[in-house]
1. Among the residues that make up the stretch 68-80, is at least one of them surrounded by 18 or more Cβ atoms within 10 Å (Cβ to Cβ), touching a residue at least 12 places away in the same chain (Cβ under 8 Å) and within 14 Å of the ligand (Cβ to nearest atom)?
2. Looking at LEU51, LEU100, LEU70, LEU11, which one is touching a Gly at 6+ places or on another chain (Cβ under 6 Å) and modelled with pLDDT of 95 or more?
3. ALA26 - would you say it is aliphatic (A, V, I, L, M) and open to solvent by less than 10 Å² (accessible area, probe 1.4 Å)?
4. Can you name the number of the only condition in (1) more than 16 Å from the ligand (Cβ to nearest atom); (2) assigned to a loop (DSSP other than H, G, I, E, B) that MET233 fails?
5. Do we have GLY163 as small (Gly, Ala, Ser) and more than 16 Å from the ligand (Cβ to nearest atom) here?
6. If you go through the stretch 248-286 one residue at a time, how many are in contact with a helix residue (DSSP H, G or I) (Cβ under 9 Å, 6 or more places away or on another chain), under 23 Å from LYS151 (Cα atoms), in a loop (DSSP other than H, G, I, E, B) and of a type outside the set (A, V, I, L, M)?
7. Sort through ALA129, ALA133, ALA119 and tell me the only one that's part of a helix (DSSP H, G or I) and closer than 30 Å to GLY303 by Cβ.
8. Please indicate, with yes or no, whether at least one residue in the stretch 297-304 is modelled with pLDDT under 95 and out of contact with any strand residue (DSSP E or B) (no Cβ under 6 Å at 6 or more places or on another chain).
Amino acid sequence: MAIAKKDLLSLSDLSVDEIQEIFAVAREMKTVIAGEDKKHPVLRGRSVINLFYENSTRTRSSFEIAGKYLGADVVNISASSSSVTKGESLKDTAKTIDRLAPDVIIMRHGASGAHEVLAQNVKARVINAGDGAHQHPTQALLDMFTITEKKGSLEGLKIAIVGDILHSRVARSDVWGFRALGADVTLCAPPTLMPSHAADLGVTVTYDMNEAVKDADVIVMLRIQLERQKAGMFPSVREYAAFYCLTEERLALAKPDCLVMHPGPINRGIEISGEIADGVQSVIDEQVENGLAVRMALLSMMGGYQNDVN
Ligand code: NCD
């Protein structure tokens, strides 16, 4: 199955059927990754550009390796080493890159909505690897895939998302995806880090972490996005941790088989205790592994000859 829309800018660009198909292909990709020969050259002759205006370890490396395992030529461009530092606009960068005839451009950018500008100025298909506090569709796909693998499906699960919701593109994509697959979502943050429109998203909103994690099947912890925050959104990191760090006592309120997730990078002792991050309920490492499989699936479905979109 091809992905109908040219670009993946927001998770809602995908239908539930397309999401399920991405999961089916990701399961095949896991077999490829586990095999001796990881080359699965369905994108041979195709090219992928990773255009990163913000820092990244997991997302960028997994898109790069995904492209390489699929046989594509992959080029990485980071803002700090590009003509952006010489004042080039995103539109001009887009037009320049497009002349190199890439098939897929993966971009991370600090401005919400920057991907619309890119998509309007290139022939290549665009995948959003994070835009400001707006969307991070592939993180949500790998989160949903990880939960599906562990729990069978998301239908009827109670999922708590806790932390800096206001600045989290992961939370925005996760909420849409988790609800689309039938989960009940609770958002929990200090009042200053909860978006004012949160209750309109079809979720339960609470400022009390014990209430959020009670009987949860899945807890998604989020990093405090200090780089996006204005000063004074909470008194101190220590005080934040006292109320919102996932500790053994708080985890004990959730279901005994509750999964603990975090998109990374994690701040041990601030949003999650080190013991829990490394503990038996944590699937943080599996999220990274599944991120590779999901991105291989997505790239193979968006970048292959058979899937060309006009
Ligand atoms: C997330 C991001 O960049 O939005 N990280 C990631 O992609 N794995 C979350 C974060 O930076 O806290």
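1. No; the residues of the stretch 68-80 include none that is surrounded by 18 or more Cβ atoms within 10 Å (Cβ to Cβ), touching a residue at least 12 places away in the same chain (Cβ under 8 Å) and within 14 Å of the ligand (Cβ to nearest atom).
2. Working: LEU51 fails: touching a Gly at 6+ places or on another chain (Cβ under 6 Å); LEU100 fails: touching a Gly at 6+ places or on another chain (Cβ under 6 Å); LEU70 fails: touching a Gly at 6+ places or on another chain (Cβ under 6 Å).
After ruling out the rest, the residue left standing is LEU11.
3. It is true that ALA26 is aliphatic (A, V, I, L, M) and open to solvent by less than 10 Å² (accessible area, probe 1.4 Å).
4. Unmet for MET233, out of (1) more than 16 Å from the ligand (Cβ to nearest atom); (2) assigned to a loop (DSSP other than H, G, I, E, B): (1).
5. no
6. 8
7. Of the residues listed, the single one that is part of a helix (DSSP H, G or I) and closer than 30 Å to GLY303 by Cβ is ALA119.
8. yes
The values are calculated or read from the model by the stated rules, or taken from the named source; none is laboratory data. Not measured: the values here are computed from a predicted model. For neighbour counting, all protein chains shown are included, and Cβ atoms are generated from backbone atoms with ideal geometry for every residue, glycine included. Note: accessible area is taken over every heavy atom of the protein model, side chains too, but ligands, DNA and RNA are not part of it. Shrake-Rupley method; radii C 1.70, N 1.55, O 1.52, S 1.80 Å.
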